[in-house]
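Following: one structure in C-alpha cells, then a few remarks.
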Amino acid sequence: MNIPNRITLSRIALIPVFVILMVVNFGWGNMTLLGATLPVEHFVGAMIFIVASLTDWIDGHYARKHNLVTNMGKFLDPLADKLLVSAAFILLVELDKAPAWIIIIIISREFAVTGLRLICAEQGEVVAANQLGKIKTWAQILAIVLLLLNNMIFDMWHIPADIIMLWVALVFTVWSGIEYFWLNRRVLLESK
C-alpha cells in the first residue's frame, strides 16, 4: 500500500477519536474563544476533524506529485471523505446544530454517488472525484468546522456564517450529485 493510501486510511482511523470527543463529556469544562463558547472536548474534536480533513488534500497532492494515483486511492479517498463528513453531520444533528432534513439530503447524496461508483466499477470504470465534487467536499468541511466551533469569529459580528455555509454545502452537494449521475448516465442505462 502506498503512502497516499495510508494517509487516507489515517483519516478513517481519526473518525472514532473525533466522535468520542464530541459525544463523551470528559469534564474538561468550557472555553470561550473569539466570541464563541463551547466544551473543550468539542474544540479538541473540531481540531481533530480539521486535521483529518486536511489529509484529504495531503494524500491527493502527494499521489499526483509522485505519480502514485491508484484505482484503490480513487475509491478509498472519496469513501474516507464520506465517512468523516457523514459522522460529523450526524453528530451536528445530535448536538442540535444542524437541521436533520438538510443532513438527510447530504448523506443520501453521498450514498447515491457511492452506489453509482459501485455500478461503474462493475462495468470496469472508476469514477474519480471531479472538480465540483471536490468543491462540494470543501464546502461541507467548512460548514462542519464553523458549526462545530459555534460560528467562532463570525459570531462577534452576528453573521450566521455557519448556517450560510451549510446552505452553500447543500447546494454544491445536490449540484455535484446531479452532475455525477448525468456524466455517468450511459453506465446506468447499460447496466442490467
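Select from the stretch 66-78 the residues that are over 17 Å from the mean Cα position of the chain (by Cα) and part of a helix (DSSP H, G or I) and list them in ascending order. Lay out the reasoning, then the answer.
First pass over the stretch 66-78, keeping only residues over 17 Å from the mean Cα position of the chain (by Cα): 66-72.
Within the stretch 66-78, ASN71, MET72 meet the criteria.
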Hey, can you tell me all the residues within the stretch 99-109 that are over 21 Å from ALA161 (Cβ atoms), without any contact (Cβ under 8 Å) to a residue 40 or more places away in the chain and not aliphatic (A, V, I, L, M)? SER108
Residue that is at negative phi, part of a helix (DSSP H, G or I), in contact with an Asp or Glu (Cβ under 6 Å, 6 or more places away or on another chain) and surrounded by 15 or more Cβ atoms within 10 Å (Cβ to Cβ), where the choices are LYS82, LYS134: LYS82
Has the stretch 26-37 got at least one residue that is buried (at least 18 other Cβ atoms within 10 Å of the Cβ), assigned to a strand (DSSP E or B) and among the hydrophobic types (A, V, I, L, M, F, W, C)? yes
Just wondering, is there one or more residues in the stretch 112-131 that are without any contact (Cβ under 8 Å) to a residue 12 or more places away in the chain, out of contact with any Leu (no Cβ under 6 Å at 6 or more places or on another chain), closer than 17 Å to GLU179 by Cβ and not hydroxyl-bearing (Ser, Thr, Tyr)? yes
Give the stretch 167-183 a look and list any residue that's of a type outside the set (Val, Ile, Thr) and touching a helix residue (DSSP H, G or I) at 6+ places or on another chain (Cβ under 6 Å), or say none. ALA169, LEU170, PHE172, SER176, GLY177, GLU179, TYR180
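Among the residues of the stretch 38-65, what is the count of those that are outside any helix (DSSP H, G or I) and without any contact (Cβ under 8 Å) to a residue 24 or more places away in the chain? Full working, then the answer.
First, pick out the residues of the stretch 38-65 that are outside any helix (DSSP H, G or I): 38-39.
Then drop every residue that is not without any contact (Cβ under 8 Å) to a residue 24 or more places away in the chain, which leaves 39.
So the answer is 1.
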The lone exception for LEU9 - which of (1) under 30 Å from ASN67 (Cβ atoms); (2) crowded, with 18+ Cβ neighbours inside 10 Å it fails: (2)
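In this structure, does ASP96 turn out to be without any contact (Cβ under 8 Å) to a residue 12 or more places away in the chain and charged (D, E, K, R)?
So ASP96 passes the test.
Values quoted throughout were computed directly from the atomic coordinates according to the rules given, and no laboratory measurement underlies them. Bear in mind that the values here come from a model prediction, so they are computed numbers and not experimental data. Neighbour counts run over all protein chains shown; Cβ positions are idealised from the backbone, glycine included.
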